[in-house]
Amino acid sequence: MEGVTARMPMRLITGADSVHDLSVDCRYRAEDPYAVHLDFRAFDPEATWVVSRELLLAGLRGPAGDGDVHVEPCCDTDVFIALGRHAGVAMLHTPVGHLTRFLAATADLVPIGSEAARIDWDGCITALLSA
């Protein structure tokens, strides 16, 4: 199983004066080429989010996202990632360099635009039909 893993420093902003420093494990697997897993288990044993690699890349350039995940650059040095909706939103802040290096490593493994060639479509269809 080919993949990229990086521990990324993030800050969880929970209020005007409430910030928690986190180490988030970011995981990417070539066999699941569209997804990035953000593992917050050190902070919450149940907390893993799966977000689109394409969304994270778009969020490096400008505001991106719909629904439960939004990504936006800030001041050329940081990136904000909002997870959730309404009162349940977790606002995360991370240095842009960490995210850029992680995403570059994923692109080295699976070049942008070649994701569909990595998916076992026959296996997916068989699994769906047998469920």
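The values are calculated or read from the model by the stated rules, or taken from the named source; none is laboratory data. Keep in mind the model is a prediction, meaning the values are calculated, not measured. Positions of Cβ are backbone-derived with ideal geometry, glycine not excepted, and every protein chain shown enters the neighbour counts.
Laid out as a table, the results:
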| item | result |
| --- | --- |
| Residue in region 65-87 that is modelled with the lowest pLDDT, counting only those that are of a type in the set (A, V, I, L, M, F, W, C) and surrounded by fewer than 18 Cβ atoms within 10 Å (Cβ to Cβ) | A87 |
| Complete set of residues in region 76-99 that are touching a helix residue (DSSP H, G or I) at 6+ places or on another chain (Cβ under 9 Å) and more than 17 Å from V50 (Cβ to Cβ) | D76, T77, D78, V79, F80, V96 |
| Where E31 falls short, out of the listed (1) over 26 Å from D122 (Cα atoms); (2) in contact (Cβ under 8 Å) with a residue 40 or more places away in the chain; (3) out of contact with any strand residue (DSSP E or B) (no Cβ under 8 Å at 6 or more places or on another chain); (4) exposed (fewer than 15 other Cβ atoms within 10 Å of the Cβ) | (1) |
| Members of region 34-46 found to be without any contact (Cβ under 8 Å) to a residue 24 or more places away in the chain and under 13 Å from A107 (Cα atoms), listed by number | A35 |
| Criterion violated by P95 - all others in (1) under 18 Å from V24 (Cβ atoms); (2) surrounded by fewer than 16 Cβ atoms within 10 Å (Cβ to Cβ); (3) modelled with pLDDT under 90 satisfied | (3) |
| Selection within region 49-64 - exposed (fewer than 14 other Cβ atoms within 10 Å of the Cβ) and either assigned to a loop (DSSP other than H, G, I, E, B) or not charged (D, E, K, R) (or both) | V50, G62, P63 |
| Residue list for region 91-108, restricted to those being touching a residue at least 40 places away in the same chain (Cβ under 8 Å), closer than 16 Å to H37 by Cα and hydrophobic (A, V, I, L, M, F, W, C) | L92, L99, F102, L103, A105 |
| Selection within region 44-64 - modelled with pLDDT of 90 or more, of a type in the set (G, A, S) and farther than 19 Å from T100 by Cβ | none |
| Search result, residues across region 98-131 that are surrounded by 13 or more Cβ atoms within 10 Å (Cβ to Cβ) and either in a strand (DSSP E or B) or among the polar types (S, T, N, Q) (or both) | T100, T106 |
| Residues located in region 4-28, provided they are in contact with a helix residue (DSSP H, G or I) (Cβ under 8 Å, 6 or more places away or on another chain) and surrounded by 15 or more Cβ atoms within 10 Å (Cβ to Cβ) | V4, A6, M8, C26, Y28 |
